[in-house]
Amino acid sequence: MSSDFFEEIERQLVAATESGVRRRRWRRPWLRRQRLPWRAPTVGIAAGLATALAASAIAATLTLPASHPKAQVASRFARTRSFTTAGVVPSGFQPESFTAISELTWWLLGTAPCGSHTCTAIVRTTDGGSTFTRIPAPPTAAVQNLRFANARDGYAYGGLQLWSTHSGGHTWKLSQVRGPVEELAIADGYAYAVMSTTTLMRTPVGRNRWRVIHGLGRGALSGLWVQGETVIIQSGSRMLISNDQGKHFSRARGVVRAGDCGYDAVADPFAIWALCTTGMAPDDILLSTNDGNTFTTAAQVPNGPINAFAAAASSVAVASGQGPLYRTTNSGGTWTPVAAPSADWTYLGFTDATHGVALGSFGTKRRQHGRLYYTTDGGASYHYVPIGPT
């Protein structure tokens, strides 16, 4: 068959995968956050897609002959647009996902123009955002999320694709997955991933040995959060907690609602924050200081529904409604405006109680550009961090 045939199938596959990843709006982007290993690595998001799955299956059937599936996969992704070499930050880089392993070492996955197209790119800083360089990205345009466990081991995912690197991004390997990768979190030497909203899997960091975690019931899985040996996840309307890396789960009795909840938690003292939504404003922010046995409801954040949320401490959190950022220092009793511009804030996260980042989209619907902001005072104020040439 001609190369034009394969390129057309590739275009359809990538388009179907990307549309499936971005379709379900109600799963909040704040679930993407990543904390540092010694605090609270959290993450999340994406997918939901009957149409995309069908289109992807058709494309895969046409593209991958049964006799040579692996070779065909390699050649297909080789034609996908991304920056697969190291170098300078590409002009016009738009950040979409953030991950960090320390106060100074971060990565951002995003997109940038490449000729007449848009390509996936990954940039890294080792000096707290003073300078950035480009590292190789996986050879695909279908990933929107990035997580690193340490300087060498990382994961890029989106839709039906999950890529791993064990060389700091020098090389990437595509993993076999059980449907769309919804969320991924890393803690205490393990990576956890929710796939197809029905399956939770785990692998040791540094290896690609994904195994199913059982005992979660039949409800749709969401809101994955991990720290140390603790794993929190929502199954249907139930909040489940494991204190042994997912070997056993018990139900937290404090959250009883038929809504979609995502979780964030902080240590010293340990507290669990929950953002729950039924798809209509206002959203509920809940706080538990007794391992999820009881929750109190925080005051409503102005300008809801909430697009982004992150906790810095048991009493301090930052949230965004439709524009401004708001902060609480009294466990959600009141919310006050933050010294930061109004934007479509899609991501909030903290690396410790004082340092954190925010990703925002600025401009009009037809012409938007992403920016990175940084806080050194627990979310009281944020300042703009240039990533590269504009």
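The values are calculated or read from the model by the stated rules, or taken from the named source; none is laboratory data. Predicted, not measured: the structure shown is a model, and the values here were computed from it. Glycine also receives a Cβ, built like all others from the backbone with ideal geometry; neighbour counts cover every protein chain displayed.
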- Have a look at T351, T328 and point out the one that is under 20 Å from the mean Cα position of the chain (by Cα), more than 24 Å from A112 (Cα to Cα) and not aliphatic (A, V, I, L, M). T351
- From the list T336, T328, T351, which residue is at pLDDT below 90 and touching a strand residue (DSSP E or B) at 6+ places or on another chain (Cβ under 7 Å)? T351
- Task: Tell me, yes or no, whether region 288-299 has at least one residue that is more than 21 Å from S381 (Cα to Cα), in contact with a Ser or Thr (Cβ under 7 Å, 6 or more places away or on another chain), in a strand (DSSP E or B) and modelled with pLDDT of 90 or more.
- Result: yes
- Count, please, the residues in region 331-344 that happen to be surrounded by 22 or more Cβ atoms within 10 Å (Cβ to Cβ) and not in a loop (DSSP other than H, G, I, E, B). 0
- Item | Filtered residue count, region 125-144, keeping only those that are more than 19 Å from the chain's Cα centre (by Cα), assigned to a loop (DSSP other than H, G, I, E, B) and in contact (Cβ under 8 Å) with a residue 12 or more places away in the chain | 7
- Are any residues in region 263-276 within 15 Å of V226 (Cβ to Cβ) and at pLDDT below 85, and if so, which ones? A267
- Message: Taking the condition of being touching a Gly at 6+ places or on another chain (Cβ under 6 Å), under 20 Å from A137 (Cα atoms) and not hydrophobic (A, V, I, L, M, F, W, C), how many residues in region 181-207 meet it?
- Response: 1
- Query: What is the residue count in region 339-364 for residues that are farther than 25 Å from Q227 by Cβ and either aliphatic (A, V, I, L, M) or not assigned by TED's automatic domain parsing to the domain that holds A311 (or both)?
  - Reply: 3
- If we scan region 369-380, do we find a residue that is of a type outside the set (D, E, K, R), free of Cβ contacts under 8 Å to residues at least 60 places away in the same chain and in a strand (DSSP E or B)? yes
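Select from region 286-316 the residues that are farther than 20 Å from V357 by Cα and under 20 Å from the mean Cα position of the chain (by Cα) and list them in ascending order.
The answer is P305, and nothing else.
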- Message: Just to be sure I understand, how many residues within region 102-117 are at pLDDT 95 or above and in a loop (DSSP other than H, G, I, E, B)?
- Response: 1
- Task: Among the residues of region 146-167, count how many are in a strand (DSSP E or B) and touching a Lys or Arg at 6+ places or on another chain (Cβ under 6 Å).
- Result: 2
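Just one of R209, R218 is charged (D, E, K, R), farther than 22 Å from R147 by Cβ, part of a loop (DSSP other than H, G, I, E, B) and at pLDDT below 95; which is it?
Matching residue, one of R209, R218: R218.
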- Query: Any idea which of A358, A343 is touching a Phe, Trp or Tyr at 6+ places or on another chain (Cβ under 7 Å) and more than 18 Å from A100 (Cβ to Cβ)?
  - Reply: A343
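For (1) crowded, with 23+ Cβ neighbours inside 10 Å; (2) over 30 Å from R211 (Cβ atoms), each residue gets a yes or a no:
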{"residue": "S235", "(1), (2)": "no, no"}
{"residue": "L240", "(1), (2)": "yes, no"}
{"residue": "A274", "(1), (2)": "yes, no"}
{"residue": "T289", "(1), (2)": "no, yes"}
{"residue": "P305", "(1), (2)": "no, yes"}
{"residue": "F309", "(1), (2)": "yes, yes"}
{"residue": "S315", "(1), (2)": "no, yes"}
{"residue": "G323", "(1), (2)": "no, yes"}
{"residue": "T329", "(1), (2)": "no, yes"}
